[in-house]
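Asker: Mind looking over this structure? Questions follow.
Please treat every number below as a calculation from the coordinates, not as lab data. Quick caveat, the model's predicted, so the values are computed rather than measured. Cβ coordinates were reconstructed from backbone atoms using ideal geometry, including for glycine residues, and neighbour counts include every protein chain displayed.
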Amino acid sequence: MLGFTAHDAPYDVVLVHGAGGNNLLWRRTMQYLSGGSKAFAVNLPGHPAGEITCRNIDNYVESLHGFIAESGLERPAVCGHSMGGAIAMAHAIAHPDDLGGLVLVSTGAKLEVNRKILEGLKARPMDTIERVITPWSFNAIDLGLGREARTALSISNLPVFLNDYLACEGFDVRSRLSKISARTLVVCGDKDRMTPPSLSRYLSANIPGSELRLVEDSGHMLPLEKPGALGLILQAFLSTLSR
């Protein structure tokens, strides 16, 4: 079973972090959730440490599917950020009867990775994380937020970054979005440079019945940069779900 932390929520939800991340991404966002069910912030295999066993998004989908089954969760919602959103979408397509809701945060139906990031992660991973990925991930970042961002990354397992970004590079479900039947909320920062709002607008336009929310003055790392805004949006959406 995947490692996780849990918090009260209005409806059971599994929170999935992005490429090279870990479940501390959701720590402050979860503080805005309450209710009689649970939010589970999971660590994907190899995050923040351990053997890399998932080489593509489909591998991660099956690890998530296994966690839901082993935990005995009945039609939980799945909320994914960036690569986690790709995993959540692919899970909703592969296992439609498993989900009671879907939240896609700062992600897209096709994830093209900047070549500077891929080449940098091959040659100078730590430098690329600090000088390229982190600055591109925030609308505004200070020392405190930078330190928090570092704790939400799997720095102890640097090879997982390249592994995950290559998995993102191979992800494309544009032709299958109409197969998503779960109630869906799409959320994005309006200053996101990594997965710009146009990708979220595309998701909302092509996933039947989905809702789009843009968060002002936030970049890609929405759960860190605007945890209160995201937490309240997530709380409101989960409160509308029922089994």
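Asker: Net charge near Ile141: determine it from the other residues with C-beta under 13 Å of the C-beta of Ile141, scoring Lys and Arg +1 and Asp and Glu -1.
Answerer: Charge balance near Ile141 sits at +1.
Asker: May I pose another question? I'm spelling it out carefully: the read-out is Cα extents along the principal axes in Å, the candidates are (1) 48, 35, 34; (2) 49, 40, 40; (3) 61, 36, 31, and one was derived from this structure. Which label?
Answerer: (1)
Asker: Can you compute the equivalent ellipsoid semi-axes for the stretch 1-42, i.e. the square root of 5 times each eigenvalue of the Cα gyration tensor, sorted largest first and rounded to whole Å?
Answerer: Value: 18, 11, 7 Å, ordered largest first.
Asker: Here's another thing I want to ask about it. Checking the cross-link filter: which aspartates and glutamates have an alpha carbon closer than 13 Å to that of Lys191, excluding same-chain neighbours under 8 positions apart?
Answerer: Lys191 reaches Glu216, Asp217, Glu225.
Asker: Can you work out the Karplus-derived ³J(HN,Hα) for every residue in the stretch 104-121? Use 6.51 cos²θ - 1.76 cosθ + 1.60 with θ = phi - 60°, whole Hz, and x for glycine or proline.
Answerer: 10, 10, 6, 8, x, 6, 9, 10, 9, 9, 4, 4, 4, 5, 4, 5, x, 5
Asker: Further question: List the extent of the Cα atoms of the stretch 1-110 along each of their three principal axes, largest first, rounded to whole Å.
Answerer: Result for the stretch 1-110: principal-axis Cα extents of 36, 29, 27 Å.
Asker: Once the principal axes of the Cα atoms of the stretch 160-243 are found, what is the range along each, listed largest first in whole angstroms?
Answerer: Largest first, the stretch 160-243 extends 37, 32, 24 Å along its Cα principal axes.
Asker: Among all the aspartates and glutamates, which ones have a C-alpha under 17 Å from Lys179's C-alpha, if same-chain residues fewer than 8 places away are not counted?
Answerer: Leaving aside aspartates and glutamates fewer than 8 places away in the same chain, those within reach of Lys179 are Asp58, Asp97, Asp98, Glu211.
Asker: Looking only at GluC sites (Glu not before Pro) in DSSP loops with at most 15 other Cβ atoms within 10 Å, what is the longest site-free stretch of the chain?
Answerer: My reading of the result: 113-215 is the longest stretch.
Asker: Report the local net charge at Thr240: Lys and Arg +1, Asp and Glu -1, summed over other residues whose C-beta lies under 15 Å from its C-beta.
Answerer: In short, +2.
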